[in-house]
Amino acid sequence: MNEKLKGTDEAWSMFRRSRDAEGCDSLELRLRVVCDPRVVGLRPELANTDFFMPDRTGGQYAGTAHEGDEAVRCFDFGAVASYNPATGRLRFFGPYCHGPAGDEFVYLGWKPAGKPDEPWVWRIKMYLTSLGWEQLEEVVAHNERLEFDATGRAPHDRPRIEWRFVPET
């Protein structure tokens with residue numbers, strides 16, 4: 001695999017401290033969320049906002065420019081998936097994984113520009129629960145990353161997320 005992604009070390013630390021570490025299988029995942037914030041730029045409430053991926057401590061990850069289009073943002077990060085074969089329970093750990101155990105998601109958000117303590121103006125969630133353990137094992141075995149294009153996704157959308165498997169180069 002390539003270099004460690006943002007959040008990977010923290011994800012392993014969170015997993016090791018959890019009750020899910022003992023007796024569970026675990027995998028290191030490489031994830032990417034892509035989003036063109038201009039799609040929602042026509043919404044007046046999003047004028048003068050900062051766009052980012054929040055971590056669990058309130059930090060803001062601005063992502064990087066997408067190849068070929070500087071306005072499109074790529075959020076590359078690491079996470080750990082844990083599977084308990086006795087219960088069939090799948091969990092996700094990492095600083096960018098939010099939500100209750102077994103219903104984790106990552107999200108992108110918009111807050112008033114320069115005011116990280118203000119309430120959210122808009123945020124979109126991408127649930128990890130559409131993934132299965134067998135899929136994750138295959139992704140890791142083939143040195144792939146999971147990728148989702150969140151462009152056009154609206155707040156509170158909960159349709160199934162179709163993560164793409166993309167070979168690492």
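Answer yes or no: is there a residue in region 150-167 that is within 15 Å of the chain's Cα centre (by Cα), surrounded by fewer than 14 Cβ atoms within 10 Å (Cβ to Cβ), among the basic types (Lys, Arg) and at pLDDT 85 or above.
Yes, some residue in region 150-167 is within 15 Å of the chain's Cα centre (by Cα), surrounded by fewer than 14 Cβ atoms within 10 Å (Cβ to Cβ), among the basic types (Lys, Arg) and at pLDDT 85 or above.
Please determine, by comparing only the residues of region 125-143 that are touching a residue at least 60 places away in the same chain (Cβ under 8 Å) and of a type outside the set (S, T, N, Q), which one is farthest from Leu27 (Cα to Cα).
Step one: of region 125-143, the residues touching a residue at least 60 places away in the same chain (Cβ under 8 Å) are 126, 133, 136-137, 139-140, 143.
Narrowing further to those that are of a type outside the set (S, T, N, Q): 126, 133, 136-137, 139-140.
Values: Met126: 20, Trp133: 9, Leu136: 8, Glu137: 7, Val139: 10, Val140: 7 Å.
The residue in question is Met126.
Give the residues of region 35-68 that are β-branched (Val, Ile, Thr) and either modelled with pLDDT under 90 or farther than 19 Å from Tyr96 by Cβ (or both), sorted by residue number. Full working, then the answer.
Filtering region 35-68 down to residues β-branched (Val, Ile, Thr) leaves 39-40, 49, 57, 64.
Scanning region 35-68 gives Val39, Val40, Thr49.
Of all the strands (runs of 3 or more DSSP E) wholly in region 1-120, which have at least 1 residues that are in contact (Cβ under 8 Å) with a residue 60 or more places away in the chain? Step through it out loud before you land on a result.
Details: elements: 25-35, 49-54, 64-66, 69-84, 89-93, 105-112.
Result: 25-35, 49-54, 69-84, 89-93, 105-112.
Identify, please: which residue in region 78-122 is among the charged types (D, E, K, R) and crowded, with 20+ Cβ neighbours inside 10 Å and is, among those, farthest from Leu27 (Cα to Cα)? Spell out how you get there, then give the answer.
Residues of region 78-122 that are among the charged types (D, E, K, R), as a first pass: 89, 91, 103-104, 111, 115, 117-118.
Narrowing the set further to residues that are crowded, with 20+ Cβ neighbours inside 10 Å leaves 91, 104, 111.
Numbers: Arg91: 11, Glu104: 16, Lys111: 33 Å.
Within region 78-122, the match that is farthest from Leu27 (Cα to Cα) is Lys111.
Does Phe93 satisfy the criteria of being in contact with a helix residue (DSSP H, G or I) (Cβ under 7 Å, 6 or more places away or on another chain) and either at pLDDT below 95 or not polar (S, T, N, Q) (or both)? Reasoning before the result, please.
Numbers: in contact with a helix residue (DSSP H, G or I) (Cβ under 7 Å, 6 or more places away or on another chain): yes; either at pLDDT below 95 or not polar (S, T, N, Q) (or both): yes.
In short, yes.
Check whether at least one residue in region 128-137 is polar (S, T, N, Q), under 20 Å from Gly7 (Cα atoms) and at pLDDT 90 or above, and report yes or no. Reasoning before the result, please.
In the first step, residues of region 128-137 are kept if they are polar (S, T, N, Q); the result is 129-130, 135.
Pick out the ones that are also under 20 Å from Gly7 (Cα atoms) and you get 129.
Next, from what is left, pick out any that are at pLDDT 90 or above: none.
Within region 128-137, not a single residue is polar (S, T, N, Q), under 20 Å from Gly7 (Cα atoms) and at pLDDT 90 or above.
The values are calculated or read from the model by the stated rules, or taken from the named source; none is laboratory data. What you see is a predicted model; the values in this text were computed from it and never measured. Every residue, glycine among them, receives a Cβ derived from its backbone with ideal geometry; neighbour counts consider all protein chains shown.
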